[in-house]
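Take a look at the structure set out below.
The values are calculated or read from the model by the stated rules, or taken from the named source; none is laboratory data. Since this is a predicted model, take the numbers as computed values, not measurements. When we count neighbours, we look across all protein chains shown, and the Cβ atoms used for this are built from the backbone with ideal geometry, even at glycine.
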Amino acid sequence: MNNKISKKIDINCDIIFFMKKKDTTNEHKERINEVLYHIYKHLSKKLTIEDLAKISSYSPFHFQRIFKEITNKKENMMRS
């Protein structure tokens, strides 16, 4: 394969990766917004990480990581 075609393939792969990553970030934000809305609607109830993870359709571990990334807060800080 010549060098020109190889560079074009590399650039196309980079663009596809960037587009997928952007979509993933939007999906994370949408899911976390659903969780934040649920928290707001149920402020008087005790909510667990497992409950919130289920709402977001993430595992508890993944939920905690994404929640912190999107909100810049840990879940227990939301309780204060």
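The table for this structure:
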{"read-out": "Helices (runs of 4 or more DSSP H) contained in the chain and holding at least 3 residues aliphatic (A, V, I, L, M) and either in contact with a Ser or Thr (Cβ under 9 Å, 6 or more places away or on another chain) or at pLDDT below 90 (or both)", "value": "3-41"}
{"read-out": "Those residues of the stretch 54-72 which are under 19 Å from residue 26 (Cβ atoms) and not β-branched (Val, Ile, Thr), in sequence order", "value": "56, 57, 58, 62, 63, 65, 67, 68, 69, 72"}
